[in-house]
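Undergrad: Supplied in structure tokens, the structure appears directly below.
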Amino acid sequence: MSCSNDVDHEGVPGATLIIDTSFGSTVGLLGGLPLVEKDSKSHVEHLQVNIGRVMSDAGLGASDLAEIVVGVGPAPFTGLRTGIVTAKALAYATGARLLGQDILEPQARWSYGRKAEVGKQAGSGGPRRLTLSVNDARRRQLYFSLYDDFGDGREAAHVLIPMDIDYPDAIVARVSQAVQGLKGDDDRPIQVDLVGHGAGRYAAAWPALPCLGGVDGGSCLEAGADGLEMFVRCARRQARDRAAGPVEPLYLRRPDVSVPNPLKRVMQP
């Protein structure tokens, strides 16, 4: 792995560490290759070991960290919380800037960029390309968000359906309604591309999507150095566009706990 702790192209003086535990775990340094653990049963135990490994392989120590970008989900509780707590502890110990980033936008931008590049090579302006970004939420549900055409990729995302959790068939119905509302906006045909973990698991639902284009079951964080860079770029863009709030997990589902009923009286006063 070749990672420098010099000032990077965004002007951050030092190394940028990426940690994401929204699906398995991904650890990497900006400019290097990610270390990906897809086993959701053991990635928590391996997280700190993998952080030490990518830092050691790059010849860097904790004092070289200037920035930590951590995934905030959406994802189930335990694994996601572990990644965020680890990132917060490292940021506190090293003084590195801490940024949070959801997984849905960067993987949508990553998918859009690849499809747009194919269109350029074909010499065609191409359709108005929407991107449905999904992640497995278990219980036969998906986390999802629908994004409009990203254009040249430098502007803020235009979100057609904000981040939510729902069943695949319900997602298809909501996307169909959004697409119907866009018809007549311009002369370009509409195409809906699908990307993210969970796309393959619920493959039977997607043929009902209107104007379905490509289906990609991966994530930008598994796409090497370019994917890590996309994740960091999104986090930095959001930090520039608005005041950075606290880095907190996105669960999008109420926890499976409830306030217990009062104890039943067994003796009368």
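The values are calculated or read from the model by the stated rules, or taken from the named source; none is laboratory data. The shown structure was predicted, so the numbers you read here are calculated from the model rather than taken from an experiment. Cβ atoms come from the backbone with ideal geometry, glycine included; neighbour counts cover every protein chain shown.
Undergrad: Sort through 16, 78, 82, 21 and tell me the only one that's modelled with pLDDT under 95, within 18 Å of the chain's Cα centre (by Cα) and crowded, with 22+ Cβ neighbours inside 10 Å.
TA: Answer to the selection: 21.
Undergrad: Quick one: in region 153-200, of everything that is of a type in the set (Gly, Ala, Ser) and within 19 Å of the chain's Cα centre (by Cα), which residue is modelled with the highest pLDDT?
TA: 196
Undergrad: Among the residues in region 174-185, are any over 19 Å from residue 250 (Cβ atoms) and either assigned to a strand (DSSP E or B) or touching a Phe, Trp or Tyr at 6+ places or on another chain (Cβ under 8 Å) (or both)?
TA: Within region 174-185 (the criterion being over 19 Å from residue 250 (Cβ atoms) and either assigned to a strand (DSSP E or B) or touching a Phe, Trp or Tyr at 6+ places or on another chain (Cβ under 8 Å) (or both)), the answer is no, since none of the residues qualifies.
Undergrad: Name the single residue that is modelled with the lowest pLDDT among those in region 35-72 being charged (D, E, K, R) and part of a helix (DSSP H, G or I).
TA: 45
Undergrad: Name the pairs whose Cβ atoms lie under 7 Å apart, with the first residue in region 190-201 and assigned by TED's automatic domain parsing to the domain that holds residue 178 and under 19 Å from residue 106 (Cβ atoms), the second among the hydroxyl-bearing types (Ser, Thr, Tyr) and crowded, with 23+ Cβ neighbours inside 10 Å, and 6 or more positions between them or separate chains?
TA: Every condition considered, the pairs that remain are 193/111; 193/131; 195/111; 195/131; 195/133; 196/133; 196/219; 197/219.
Undergrad: If I filter region 111-123 for residues that are at pLDDT below 95 and either assigned to a loop (DSSP other than H, G, I, E, B) or not assigned by TED's automatic domain parsing to the domain that holds residue 146 (or both), do I get at least one hit?
TA: Yes, region 111-123 contains a residue that is at pLDDT below 95 and either assigned to a loop (DSSP other than H, G, I, E, B) or not assigned by TED's automatic domain parsing to the domain that holds residue 146 (or both).
Undergrad: Quick one: what pairs do we get from region 53-76, first residue within 17 Å of residue 221 (Cβ to Cβ), second charged (D, E, K, R), C-beta under 6 Å, 6+ apart or different chains?
TA: 67/97; 71/20; 72/102
Undergrad: On to the next question. Every residue in region 183-206 that is surrounded by 14 or more Cβ atoms within 10 Å (Cβ to Cβ) and either of a type outside the set (A, V, I, L, M, F, W, C) or within 16 Å of residue 128 (Cβ to Cβ) (or both), please.
TA: 190, 191, 192, 193, 194, 196, 197, 198, 200, 201, 202
Undergrad: Does residue 263 satisfy the condition of being hydrophobic (A, V, I, L, M, F, W, C) and at pLDDT 80 or above?
TA: no
Undergrad: Kindly provide the set of residues from region 207-222 that are at pLDDT below 90 and surrounded by 18 or more Cβ atoms within 10 Å (Cβ to Cβ), ordered by number.
TA: Scanning region 207-222 gives a single hit, 219.
Undergrad: If we keep just the residues of region 152-177 that are aliphatic (A, V, I, L, M) and in contact (Cβ under 8 Å) with a residue 40 or more places away in the chain, which is surrounded by the fewest Cβ atoms within 10 Å (Cβ to Cβ)?
TA: Going through the qualifying residues, I end up with 156.
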